[in-house]
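The numbers here are math on the coordinates, done by the rules we state, and not lab data. As the structure is a prediction and not an experimental result, all values here were calculated from the model. Methodologically, a virtual Cβ is constructed for each residue, glycine included, from the backbone with ideal geometry; neighbour enumeration extends over all protein chains shown.
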Amino acid sequence: MFVLGLTGSIGMGKSEAARAFRRLGVPIYDADAAVHRLFAKGGGAVAAIERAFPGAVKAGAVDRVALGALVFGKPSELRRLEAIVHPLVGRMQRRFLASMAHRRQPMVVLDVPLLFETNGERRTDATVAVSAPGFVQAARVLRRPNMTADRLARILRQQMADGLKRQRADFVVQTGLGKRHSLAGIQRIMRRLRGRAGGVWPARGRPRPRPSRHPLRRPLHARNRARH
C-alpha cells in the first residue's frame, strides 16, 4: 500500500486537494477531523485536556475558543497540548492504515497540516505540498469568521514556511490558479504514482521507518521541473 502525505500551510487549499484525491478514489485520513472527534463530547482527549487546561471543557466537549485562548501564543502551553493530542491522533492514523491495508487499498492519503513540522513524512512513501502566493493565502484566510491579519501572522509563525515545505515535498500542487489547474496537477501525480508499491506500511506488520533515499526523492533541481 502506497502512503502519500498531503500537507500545506493555512489557506493553501489542502482541504480542496484532499477532496480531489477522494473523488479520484483514494481513501483519506484527515488529521483535522480526527482532532475534532477527540475534542467532541466523549472524545478521547476531553478528560486529559480538562485536567491540563481547566476551563477548556464545556458541556463535556473541548471548547476550541477557550482552549485557544489558553495556548495561543504560549509555546510551553502549546507543547503541553500537543503532548496530549499528537499520540492520540497518531493512534487513529495507525488504525486507519491498518484497516486500509487489510482491505488491500493500493494507495491512501494522509491529510496532515503539520506533516513536516512533526516529521510525519517518515511515515509516508511520498509527499505533496499545496501552495499558493502569499496574497492569495491571505485573502482566503481573512475571509474566515473571527480571523484577523494579526491572528494569521501568529498562526504562520507557528508553521513551517511555505518555501521550506515546497523544498521538502516530492510534489507541489499550485492552488492559486483555480480548481481546474490544481486538479490537473493532482491527476498528473496520480498517473505518476499509479502501480507503485509502498514501503513504509507493508500489508502486514507494523510500519517501518521511511528509507532515507526514496526513488521519488530526486535532486531538488530535477524535482522543480516536475512540479505541478
*log₁₀ of I(q)/I(0) at q = 0.18, 0.23, 0.26 Å⁻¹ - region 65-144, Debye sum with one point per alpha carbon*: -1.02, -1.16, -1.21
*At 0.36 nm per residue, minus the direct Cα-Cα distance, what do residue 51 and residue 192 gain on full extension? Give it in nm, one decimal, please.*
46.0 nm
_Assigned charges on the beta-carbon of Lys, Arg, Asp, Glu; the chain dipole about Cα centre (debye)_ = 920 debye
*Report the label-to-label distance for residue 157 and residue 41 in nanometres (one decimal), using points 7 Å from each Cα along the Cα→Cβ vector.*
3.7 nm
*How large, in Å, is region 31-104 by the Kirkwood hydrodynamic radius built from its alpha-carbon pairs?*
12.9 Å
*Rounding to the nearest 20 debye, state how big the charge dipole of region 108-156 is about its Cα centre with +1 on each Lys and Arg Cβ and -1 on each Asp and Glu Cβ.*
260 debye
*Please work out the Cα convex hull volume for the chain and give it in Å³ per residue.*
134 Å³
*What is the fewest-to-most order of 97, 177, 6, 67 by other Cβ atoms lying within 10 Å of their Cβ?*
177, 67, 97, 6
_Interchain or long-range residues, amide H under 5 Å from residue 5's placed H_ = 110, 125, 126, 127, 128
*Of 34, 85, 53, which is farthest on the positive side of the dipole of region 31-104, counting Cα position, with +1 on Lys and Arg Cβ, -1 on Asp and Glu Cβ, and the Cα centre as origin?*
34
*Could you tell me the distance between the Cα centroids of region 159-198 and region 115-134, to the nearest Å?*
10 Å
*Working out 0.36 nm times the residue gap between residue 80 and residue 66, then minus their Cα-Cα distance, what length gain in nm do you get to one decimal?*
3.5 nm
